[in-house]
Amino acid sequence: MARKKIIAGNWKMNMTPSEAVELVNTLKPLVANDEVDVVFCVPAIDIIPVVEAVKGSNIQVGAENMYFEEKGAYTGEISPNMLVDAGVKYVVLGHSERREYFGETNADVNKKVLKAFEHGITPIMCCGETLEQREQGVTMDFIRQQVKVGFQNVTADQAKTAVIAYEPIWAIGTGKTATTEQAQEVCQGIRQCIAEIYDEATAEAIRIQYGGSVNAATAPDLFAQADIDGGLVGGAALKPDFGKIVNYK
Ligand code: PGA
């Protein structure tokens, strides 16, 4: 069975609540395409107004982070129940910016992935190498570790519904997209890794996105690759261009 493409915007720390509603209203008609899953991953404070603004459309709402505890004395954090109650269906976990600026480890990401599944939220787990790692030839070793630790104790049935975003750090926000060959090679390697952890059926079902300077010009080739099931889009998700990415065919 063919995997449905999933094209997600990662708004990062952009858009106030009122700007968010305005952006949704601009993008709504441009991203109306039921052939793909369309997800807007937005800042926590924008979730409630965005869930309201996307009502009746094909857009689903995701969060950009989540804590792995249920509740309690964790000032400033957002729990899985809060996200579920607000109408969130997806959560970006382990983005390289969270790892780099907020010290998130593979073990933290794993706890969050398990919590997301426990609450019926689909994780979009990010992985990706630095330029140095690519040049040292350890790209796949590094990513395999991120995936293997990130998926510890995740069942095959859960993994089948998960999304992994391969985002080479050197391609994020730099305008430097990985070549389609580079992106396909790593996404295929990630699928192979999932097959080793679980089985072929799980590897065939899991969706793997590419992310890193995806734009309307690069999306068609990237998304045509056998192991690339869509994209996680930063900068271009804040512009009408996102409509072209969603309608890449
Ligand atoms: P970018 O960001 O598209 O702006 O490179 C992608 C991401 O970090 O998810």
Would you be able to say whether some residue in region 42-59 is of a type in the set (Ser, Thr, Tyr) and open to solvent by less than 50 Å² (accessible area, probe 1.4 Å)?
-> yes
For region 217-249, enumerate the residues that are closer than 22 Å to Arg3 by Cβ and in a loop (DSSP other than H, G, I, E, B).
-> Thr218, Ala224, Gln225, Ala226, Asp227, Ile228, Asp229, Asn247, Tyr248, Lys249
Would you tally the residues in region 117-156 being open to solvent by less than 10 Å² (accessible area, probe 1.4 Å) and aromatic (Phe, Trp, Tyr)?
-> 1
Do you know which of the residues in region 91-128 that are touching a residue at least 24 places away in the same chain (Cβ under 8 Å) and among the β-branched types (Val, Ile, Thr) is farthest from Ile47 (Cα to Cα)?
-> Val109
When every residue in region 157-173 that is more than 16 Å from the ligand (Cβ to nearest atom) and open to solvent by 60 Å² or more (accessible area, probe 1.4 Å) is compared, the one nearest to Leu232 (Cα to Cα) is Thr161
Look through region 23-41, keep the residues that are free of Cβ contacts under 8 Å to residues at least 40 places away in the same chain and surrounded by 13 or more Cβ atoms within 10 Å (Cβ to Cβ), and return whichever of them is farthest from Ala205 (Cα to Cα).
-> Val24
So which residues in region 90-116 are in contact with a Leu (Cβ under 9 Å, 6 or more places away or on another chain) and not in a helix (DSSP H, G or I), if there are any at all?
-> Val91, Val92, His95, Glu104
Of (1) within 16 Å of the ligand (Cβ to nearest atom); (2) surrounded by fewer than 18 Cβ atoms within 10 Å (Cβ to Cβ), Glu196 satisfies every one except (1)
In region 201-247, anything open to solvent by 10 Å² or more (accessible area, probe 1.4 Å), of a type outside the set (Lys, Arg), away from the ligand (no atom under 11 Å from the Cβ) and closer than 18 Å to Asn10 by Cα is listed as Ala216, Pro240, Asn247
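The values are calculated or read from the model by the stated rules, or taken from the named source; none is laboratory data. Keep in mind it's a predicted model, so treat the numbers as computed, not measured. All Cβ positions, glycine included, derive from the backbone under ideal geometry; neighbour counts span all protein chains shown. Side chains included, ligands, DNA and RNA excluded: accessible areas come from the protein's heavy atoms. Shrake-Rupley method; radii C 1.70, N 1.55, O 1.52, S 1.80 Å.
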